[in-house]
1. Is at least one residue of the range B:392-410 basic (K, R), in the same structural domain as B:A203 (by TED's automatic domain parsing) and under 26 Å from B:S83 (Cα atoms)?
2. Kindly indicate whether any position in the range B:378-400 is surrounded by fewer than 24 Cβ atoms within 10 Å (Cβ to Cβ) and among the basic types (K, R).
3. Inside the range A:370-414, can you point out the residues that are without any contact (Cβ under 8 Å) to a residue 60 or more places away in the chain and assigned to a helix (DSSP H, G or I)?
4. Of all residues in the range A:152-182 being open to solvent by 60 Å² or more (accessible area, probe 1.4 Å) and touching a residue at least 12 places away in the same chain (Cβ under 8 Å), which is nearest to A:A56 (Cα to Cα)?
5. Taking the options A:L102, A:L142, A:L80, name whichever one is within 27 Å of A:S333 (Cβ to Cβ), of a type in the set (A, V, I, L, M) and buried (at least 23 other Cβ atoms within 10 Å of the Cβ).
6. Answer with yes or no whether B:D32 is open to solvent by 50 Å² or more (accessible area, probe 1.4 Å) and closer than 22 Å to B:Y133 by Cα.
7. Where residues in the range A:321-340 are over 30 Å from the mean Cα position of the chain (by Cα) and surrounded by fewer than 23 Cβ atoms within 10 Å (Cβ to Cβ), which of them is nearest to B:G359 (Cα to Cα)?
8. Quick one: A:D332 ticks every box in (1) in a strand (DSSP E or B); (2) within 25 Å of B:Q226 (Cβ to Cβ); (3) of a type in the set (D, E) bar one, so which box is it?
Protein chains: 2
Amino acid sequence: MQPDIKLAETLFDTLDRATRQGRGIVRDSFGDGEQAAHDIMRATAQTLRLEISVDAIGNLMMTLPGRDRRLPRIIIGSHLDSSPQSGNFDGAAGVVAGVCILSALKSAGKQLDCDVTVMAIRAEESSWFNVSYLGSGGAFGLLDPACLAITRSDNGRSLEATLLERGFDPSPIREGRALLDPSRIRAYLELHIEQGPTLVAQALPAAVVTGIRGCKRFRNARCIGQYAHSGAVNRPQRHDAVAATVALLHHLETLWQQYEQQGADLTITFGELYTDAAFHAPSKIAGETHFVIDIRSVSQEIMDAVAEEARRAAARIAATFRVSFKLGATSDSPPAVMDERLRAGFRAQLQTPFEMPSGAGHDAAVFAKMGIPTGMIFVRNENGSHNPDEAMSLDDFDTAARALLGLLLNFPLP
Amino acid sequence: MQPDIKLAETLFDTLDRATRQGRGIVRDSFGDGEQAAHDIMRATAQTLRLEISVDAIGNLMMTLPGRDRRLPRIIIGSHLDSSPQSGNFDGAAGVVAGVCILSALKSAGKQLDCDVTVMAIRAEESSWFNVSYLGSGGAFGLLDPACLAITRSDNGRSLEATLLERGFDPSPIREGRALLDPSRIRAYLELHIEQGPTLVAQALPAAVVTGIRGCKRFRNARCIGQYAHSGAVNRPQRHDAVAATVALLHHLETLWQQYEQQGADLTITFGELYTDAAFHAPSKIAGETHFVIDIRSVSQEIMDAVAEEARRAAARIAATFRVSFKLGATSDSPPAVMDERLRAGFRAQLQTPFEMPSGAGHDAAVFAKMGIPTGMIFVRNENGSHNPDEAMSLDDFDTAARALLGLLLNFPLP
């Protein structure tokens, strides 16, 4: 038995035509672009005669009933929204994989012991409402009710107003009420494009995900020194914000290399770093910098240790350079560990088993956090994600979707 | 004999009232603010019955004739323009010092062997036309004629149009024609506020300047990497522009410390450093940085060596970090050495002789470049310059002006 790759091809084409705006894909969370994708998947599910339901906040469930409907179900899920001017595959590939697997099972007249539900999850991206996992987090009653007041980055409409306009019900979010019962979910499986270059570098079509890196981030770190003339003030009298910031970031880069040599999982990134354009000048010592320290790992302990060392180093360097650092509080999203048996099951399905952590966050992290056995498989993808140049080949998708179908048919969990 | 400090006090007050706009002083080069200052100085020179002339591009010469008018003259000079929202003393202090010294000589009926000219120089600051030393450089025919097309930063008017509106003649600049003959200038002397904190730190009212640091600057340096997801790309696959830039700047900071330990005169400053706000994000590896490397020293050899090492280090680091650096060409202003005999003469006039280099550029550098024996004295000033908080005390000014008068009366040059 093989996934229905013809259907997958058609679905990718249809999604592309419906949601491409200029160069890139726009499937705005809870907006017209995401809704168009949901409509396409729902129509397909109707054609396949799957059971269809939509929860209060818009997550679409497409179910192939099992032999014993009292058993907890398996969910195959991913999201249908995209960041602005994105590619066609980030998120959608996982939903398409689920549907073309159910199509194959249906065609073969094959029924599993339990229900298998493909869940098209709402609003995973944070680009529109500045909160990740609105769909999966909302399904488990995990969202801070205050998020209903958050406004969409482009049109300024609140999440609450947006949900109501779309015909959904914000009250479960307001009341922290769960729409899914974790004890009724046997496992959660997600296929997703890799958002980095590892599989391209490894020349492999797919990888089993070991865990999803958490993120500990100093989002609004600053160094405060004093502006002065670059030629007129010698080192001992300087309060040079750039020199101090360079010293701190260099120290953290060196620290990362040390962790790396020990084989620890870690990334440290300073993706925003800037002097103040209203005050800086070629002949001035800079009096202020702004920067981000983004720390990621599958290990919470490592992230905590790096953040702690960042604070200690900032204090030392501030004294040396006569400046002050205001690193601020960290924003934290914890790492998620994938289920060992599901990992082994996926490995057994791949010709060249290869495992790697996921650096980016996924809905799978929410399911894992709820204690649900969770497994993920990555598909090779050129050119990263969140840009129009995403490039997943249908062959690589096929390899990963086959592994997902094989796992279902040889399910390793009780 | 003492400088006419009462006159100095009146002149500082009058200049302040005429050119303060809001918190700061505005004496725009070739604009109304600078002209107001020239009018005040000219009226004072008339009252003192000095000889007055204005050259083709607006430099004001106020001369006390000497006993032998065939002898080359001594010029006491500085500029009357200011950067926007500046203080009252940067530039003007040197012209006021000259005038209150000539007032003292006149009152005492004292005549030197040669003419002494106070030169109120035009347009030293680069804030308005983005070229330094328009007045002194123009007087020696040193300007690139193309500078006539440069437009004023605030009103967009060209230098040529501005000169014509003010009744001046751009043709000497266009033809590279000199208005002053260096062989007819015995010496150039300049009193200026210190633009750094050294004299405040040393608790001294004045210092003799050893030389004016040159500046070798990579004005538009860039590092080009590749934007990518911060969590999804490990170090070996990164093209991280910030990490590479930090490595380069850290290397140069370390190099500076080595020069410093050897007692070499040097500053290295990265006053502008930024990722591109249109593309950077907290969860992105930065694909590009922009920065300035500003190298200053009284030694051309040291500046050249540092720039050379910056290029070598950039090549090494680019290879390590899989990025490219585009440092671009340097813009160069050479250092100027002050005359040894004038330095000794100034030192002899100070109770606590103290010498230091000037980090900022001054008109004195242009005169020194022309081979004219040049001497400078700094006055202590709190809070740096080019801001409304400049704070020179009249007592410190008096100390430096007395030294200048004493030097004239005991002139060490033939």
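The values are calculated or read from the model by the stated rules, or taken from the named source; none is laboratory data. Quantities reported herein were computed from a predicted structural model and do not represent experimental measurements. FYI the Cβ positions are ideal-geometry reconstructions off the backbone, even for glycines, and counts take in every protein chain you see. Each accessible area value is taken on the protein alone, full model and side chains, heavy atoms only, with ligands, DNA and RNA left out. Shrake-Rupley method; radii C 1.70, N 1.55, O 1.52, S 1.80 Å.
1. No, the range B:392-410 contains no residue that is basic (K, R), in the same structural domain as B:A203 (by TED's automatic domain parsing) and under 26 Å from B:S83 (Cα atoms).
2. Within the range B:378-400, not a single residue is surrounded by fewer than 24 Cβ atoms within 10 Å (Cβ to Cβ) and among the basic types (K, R).
3. Matches in the range A:370-414: A:G406 only.
4. Once the filter is applied, the top-ranked residue is A:D169.
5. A:L80
6. When the stated conditions are applied, B:D32 passes them.
7. A:R322
8. (2)
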